[in-house]
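Quick notes on the structure that follows.
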Amino acid sequence: MRSKKILIVEDEVSISDIVKFNLVKEGYEIDTAYDGEDGLNKALAKAYDLVLLDIMLPQMDGFQVCRKIRETSSVPIIMLTAKEDEVDKVLGLELGADDYMTKPFGMRELIARVKANIRRIELDDTVSQTSNSKVTSYGNLTIDMTKYEVRKGDKSLELTLREFELLRYLAGQENQVFSREQLLEEVWGYEYYGDIRTVDVTIRRLREKVEDDPGDPKYIMTKRGIGYYFRRPE
Ligand code: CA
């Protein structure tokens, strides 16, 4: 199996070096960029399996870099944040980042996140290669489980990878209620780490795209005090 390629975009050389050292030890192939512009150019020039993207960067900040990458690529992106208020921004913006980590972070946690985000992609690739297109309709919502396409009526919805996976997971098991911890584990692939707010934010973004009235959802339902479930509308 070819080794996975990761791009580290981080201007603090000491952090970049230690992250690189630990990921190389895990068998990953690493490229580095030390400013946003170089990071963006590299991310677009080569097929990476994952991008680690710092937010405060010279030339172009991580938010802009993330947006630009998302215009053409669905590579998993983990944002590296220095402050709690940056976390809120990562979660609140329509950046399309898959995950984030707050500095300082431990190397074991970083490696666990990297593996989880890369493994998720591999599983999906296996599914798309081995099964025929599986299209399911729920009311006027159509989900193509293997082609990553969601249509509402005749309109195609632009979902991020994570939004799609969350929708696919919930819709694949109609009416079954999942806790946020369960969803984090099943959809994001974390066993011990991760922030359940990530689930709430992704649900909110998904509702904004899928529901006619996100404040009064008909598909993605909240079970108060427990979690979320998908309902087929009547
Ligand atoms: Ca920085």
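The values are calculated or read from the model by the stated rules, or taken from the named source; none is laboratory data. Given the structure is predicted, the values throughout are model-derived calculations rather than measurements. Cβ placement follows ideal geometry from the backbone for every residue including glycine, while neighbour counts extend to all protein chains displayed. Ligands, DNA and RNA are excluded from the accessible area calculation, which covers all protein heavy atoms including side chains. Shrake-Rupley method; radii C 1.70, N 1.55, O 1.52, S 1.80 Å.
For region 1-22, how many residues are within 16 Å of P76 (Cβ to Cβ) and either touching a helix residue (DSSP H, G or I) at 6+ places or on another chain (Cβ under 8 Å) or within 14 Å of the ligand (Cβ to nearest atom) (or both)?
The total comes to 6.
Restricting attention to strands (runs of 3 or more DSSP E) lying wholly within region 140-234, give those where 3 or more residues are open to solvent by less than 50 Å² (accessible area, probe 1.4 Å). Full working, then the answer.
Values: elements: 141-144, 149-152, 155-157, 220-223, 227-230.
Because the criterion is at least 3 residues that are open to solvent by less than 50 Å² (accessible area, probe 1.4 Å), the strands (runs of 3 or more DSSP E) in region 140-234 that meet it are 141-144, 227-230.
Only one of these is in the same structural domain as G27 (by TED's automatic domain parsing) and open to solvent by 80 Å² or more (accessible area, probe 1.4 Å): A82, A45. Name it.
Numbers: A82 fails: open to solvent by 80 Å² or more (accessible area, probe 1.4 Å).
When all the criteria are applied, what remains is A45.
Please specify each residue of region 49-75 satisfying the condition of being open to solvent by 50 Å² or more (accessible area, probe 1.4 Å) and closer than 21 Å to D17 by Cβ.
Matches in region 49-75: M56, P58, Q59.
Can you report the number of residues in region 195-220 which are touching a Pro at 6+ places or on another chain (Cβ under 7 Å) and among the acidic types (D, E)? Let's see the steps before the verdict.
Within region 195-220, the first condition is being touching a Pro at 6+ places or on another chain (Cβ under 7 Å), and the residues that meet it are 207-208, 211, 218-219.
When the remaining residues are screened for being among the acidic types (D, E), the result is 208, 211.
Total meeting the criteria: 2.
May I ask you to say which residue of E185, E149, E165 is among the charged types (D, E, K, R), over 22 Å from R113 (Cβ atoms) and outside the structural domain of K89 (by TED's automatic domain parsing)?
On the way: E185 fails: over 22 Å from R113 (Cβ atoms); E165 fails: over 22 Å from R113 (Cβ atoms).
Sole residue among the options that is among the charged types (D, E, K, R), over 22 Å from R113 (Cβ atoms) and outside the structural domain of K89 (by TED's automatic domain parsing): E149.
Which members of region 23-42 meet the condition of being within 14 Å of the ligand (Cβ to nearest atom) and open to solvent by less than 80 Å² (accessible area, probe 1.4 Å)?
Of everything in region 23-42, those that are within 14 Å of the ligand (Cβ to nearest atom) and open to solvent by less than 80 Å² (accessible area, probe 1.4 Å) turn out to be T32, A33, D35, G36, D38, G39.
Show the residue pairs that are 6+ apart or on different chains and have beta-carbon atoms under 6 Å apart, the first residue being within region 3-25 and closer than 18 Å to G39 by Cβ and among the β-branched types (V, I, T), the second being outside any helix (DSSP H, G or I) and more than 14 Å from the ligand (Cβ to nearest atom).
Pairs found: I6/Y28; I6/I30; I6/L50.
Could you please tell me which pairs satisfy a Cβ distance under 9 Å, a separation of 6+ or placement on different chains, a first residue in region 202-219 that is aromatic (F, W, Y), and a second residue that is assigned to a loop (DSSP other than H, G, I, E, B)?
Taking only residues 6 or more apart or on different chains, the pairs are Y219/G139; Y219/E211; Y219/R231; Y219/R232; Y219/P233.
When both residues are 6+ apart or on different chains and their Cβ atoms are under 6 Å apart, which pairs have a first residue that lies in region 168-179 and is on the phi < 0 side of the Ramachandran plot, and a second that is among the aliphatic types (A, V, I, L, M)?
Every condition considered, the pairs that remain are R168/M145; Y169/V187; A171/I143; V177/I226.
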